[in-house]
Amino acid sequence: MDSVVFTPRLKLTRVTTVERGGAELEWIHELRSNEKATWWSIQGRAKSLEDTEKAMQAYLASAPTTTTPEKEEGPTRPYRVAYAVHKLLDESTGSDSHSRDSVITGGRELEPQSTANKGRDVEQTNISTKPETEPQTEFIGMVTLTSLDTSSLALPEDLTLPKTHASTTTTTTTKETSTRDSILPVEIAYMFLPTGWGKGYATESVKAVFESCAKGRSFWTPFDSLYIRAIVNELNPPSMRVMDKTGMVKTGVYELIGRSVFLAGQWRDTHRLHIYARYLTWTEWDRGNDILLDHDHGHAMAGNLDPLSNVECRRR
């Protein structure tokens, strides 16, 4: 996975550690201690650096475990990617490097949150080349991609990876080769400071993360595909609109009852969660397509490259 990614308006830096005195901890604590940014986080607002450090442990990469391949029944380590998102600033003014009234997508300007982006026909955002000089930036948010584990929210079978695309690893061994055909279920989430809202930064940054995944496919070894899910609370329509604009397919609505969580300013024990999903398959990506889910039948089909975004929802 790329350590630094540039888009027309953003710089994404991969976060692998959050250490005292480091810029990463400073950025992320600013984010996680902001009440508005954490409005939809079940972990709530961080009240100390320790809270931020603890929260980030779920998103930082871990070392692989030593498991005999023949006995593996799934991933031998958690797969975790976290990118800090920074907007590029105009060096002469210190303001955004592009107009706040437009979104740069694949070389075109599209009006944000307008009828111009309805449906799934959303163009791919090309990763930009690194500027000749280090640009001025401002931290605005974070995007994470993590493999599912026992702490992830367990969903009913009809809202999970179909049995025909089972997530267990299948290994075929010969004297010369050992091949694996497998799909890794992962969950994507994002969080932005209020200064980054309403400008299309979530869409642009997550597209960049997916392109980085495609370029760094060796990171996901031995898996050759990703099944990506997103969970959005029904009371958070802005994130559902992001889902719609980026081509994510809603697989259903899950009602979680009896789990008391302080969320969006009050204690709640009933949650209606909108579940979105898609596939990311290396072969289809190389062909210029991604794999989406069929709305009605729940099976895979080829579609245009689109990203997704999501609010955080993990079982505590």
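Sort 32-41, 17-26 for me by packing, meaning the mean count of neighbouring Cβ atoms within 10 Å per residue, highest on top.
Output ranking for 32-41, 17-26: 32-41, 17-26.
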Notebook entry, point to check: What is the Cα radius of gyration of the stretch 1-54 over 2.2 N^0.38 Å, N being its residue count?
Noted result: 1.26
Check: Say the cut-off is 25 Å between C-alpha atoms; which of Lys47/Lys207; Lys54/Lys207; Lys87/Lys215; Lys87/Lys207; Lys54/Lys245 go over it?
Finding: Lys47/Lys207; Lys54/Lys207; Lys54/Lys245
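By per-residue mean of other Cβ atoms within 10 Å, what is the highest-first order of 213-224, 196-207?
Details: 213-224: 15.6, 196-207: 22.9.
So the order, starting with the most tightly packed, is 196-207, 213-224.
What is the packing order of peptides 48-61, 268-281, taking the mean over residues of other C-beta atoms within 10 Å and listing the highest first? Can you show the working numbers first?
Details: 48-61: 16.1, 268-281: 19.3.
Taking the mean over residues of other Cβ atoms within 10 Å, the ranking is 268-281, 48-61.
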Check: Any idea how far apart Asp286 and Thr150 come out in nm if each label point goes 7 Å out from Cα toward Cβ?
Finding: 3.8 nm
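Bear in mind that the values in this text are calculations on the coordinates, not laboratory data. Computed from a predicted model, the values in this text were never measured in an experiment. Positions of Cβ are backbone-derived with ideal geometry, glycine not excepted, and every protein chain shown enters the neighbour counts.
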